[in-house]
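Reviewing the structure listed below.
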């Protein structure tokens, strides 16, 4: 019963997002789709711990607006999808300031999980670590510095959710290396897919995957690994 409820909840969530999805993947004729308005009401904190995270994110927006990895609407989608999937083992490629990771941590507080996030740049990794500590979620996060293309090969599955938001030319390589570790029913999310044509083609043509494209800004690809 629990599994059936979770699957139904995720399906309803996916259908609600589908109102602003492309009819075809980006990169194909007619594939730009419509870029409809997205619900972007500000999240409300349920408790002091969530308020601390949200306050930290507000500070990041105020200080590092040009370095946000995702807009608020996409951050909310990350949190909702992670919670709906009951994700415990989350992998992020591209930590940046830690902003998107904090959205995922809001979900992890509910699921009891952990985030492993990869960042090439030492300065950004250090900045993100400070933000995670400020938000009180540093124990939920492991930051791995260096070349993620090499470092992700050291991971072990099963992974419940992957979020890719790094070097766009590397998306396909990340997918190739991480997909075998994603559990059946798990999620692969990719940001700014407008610039990752080979990745889009790969997730669209693989019969073991089901993908929808949410095309606001640079676009968010939501892929489910079929059971």
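Of the residues 187, 179, 161, 172, which single one is farther than 30 Å from residue 59 by Cβ and either assigned to a strand (DSSP E or B) or in contact with a helix residue (DSSP H, G or I) (Cβ under 8 Å, 6 or more places away or on another chain) (or both)?
Result: 172 is the single residue among 187, 179, 161, 172 that is farther than 30 Å from residue 59 by Cβ and either assigned to a strand (DSSP E or B) or in contact with a helix residue (DSSP H, G or I) (Cβ under 8 Å, 6 or more places away or on another chain) (or both).
When you scan the stretch 197-212, do you find a residue that is in a loop (DSSP other than H, G, I, E, B) and crowded, with 18+ Cβ neighbours inside 10 Å, even just one?
Checked the stretch 197-212: no residue is in a loop (DSSP other than H, G, I, E, B) and crowded, with 18+ Cβ neighbours inside 10 Å.
If I filter the stretch 142-149 for residues that are surrounded by 20 or more Cβ atoms within 10 Å (Cβ to Cβ), within 28 Å of residue 47 (Cα to Cα) and modelled with pLDDT of 95 or more, do I get at least one hit?
Within the stretch 142-149, one or more residues are surrounded by 20 or more Cβ atoms within 10 Å (Cβ to Cβ), within 28 Å of residue 47 (Cα to Cα) and modelled with pLDDT of 95 or more.
When you look at residue 50, is it surrounded by 15 or more Cβ atoms within 10 Å (Cβ to Cβ), at pLDDT 85 or above and out of contact with any helix residue (DSSP H, G or I) (no Cβ under 6 Å at 6 or more places or on another chain), yes or no?
yes
Identify, please: which residue in the stretch 100-115 is under 12 Å from the mean Cα position of the chain (by Cα) and part of a helix (DSSP H, G or I) and is, among those, surrounded by the fewest Cβ atoms within 10 Å (Cβ to Cβ)?
Among those residues, the one meeting the criterion is 107.
Since residue 187 meets every condition but one in (1) within 15 Å of the chain's Cα centre (by Cα); (2) in contact (Cβ under 8 Å) with a residue 40 or more places away in the chain; (3) surrounded by fewer than 22 Cβ atoms within 10 Å (Cβ to Cβ), which condition does it not meet?
Result: residue 187 passes all but (3).
Tell me, which residue of the stretch 73-95 that is modelled with pLDDT under 95 and over 21 Å from residue 44 (Cβ atoms) is farthest from the chain's Cα centre (by Cα)?
Applying the filter and picking the extreme gives 86.
Which residues, counting only those in the stretch 116-138, are under 19 Å from the mean Cα position of the chain (by Cα) and part of a helix (DSSP H, G or I)?
Matches in the stretch 116-138: 124, 125, 128, 129, 131, 132, 135, 138.
For the stretch 81-99: of the residues being in contact with a helix residue (DSSP H, G or I) (Cβ under 6 Å, 6 or more places away or on another chain) and assigned to a helix (DSSP H, G or I), which is nearest to residue 192 (Cα to Cα)?
Per the stated criteria, the residue is 99.
Please verify whether the stretch 60-72 includes one or more residues that are modelled with pLDDT under 50, under 21 Å from residue 190 (Cβ atoms) and crowded, with 17+ Cβ neighbours inside 10 Å.
Within the stretch 60-72 (the criterion being modelled with pLDDT under 50, under 21 Å from residue 190 (Cβ atoms) and crowded, with 17+ Cβ neighbours inside 10 Å), the answer is no, since none of the residues qualifies.
The values are calculated or read from the model by the stated rules, or taken from the named source; none is laboratory data. Everything numeric here is computed off the predicted structure, so don't read it as measured data. Counting neighbours? That spans all protein chains shown, and the Cβs are built from the backbone with ideal geometry, glycine included.
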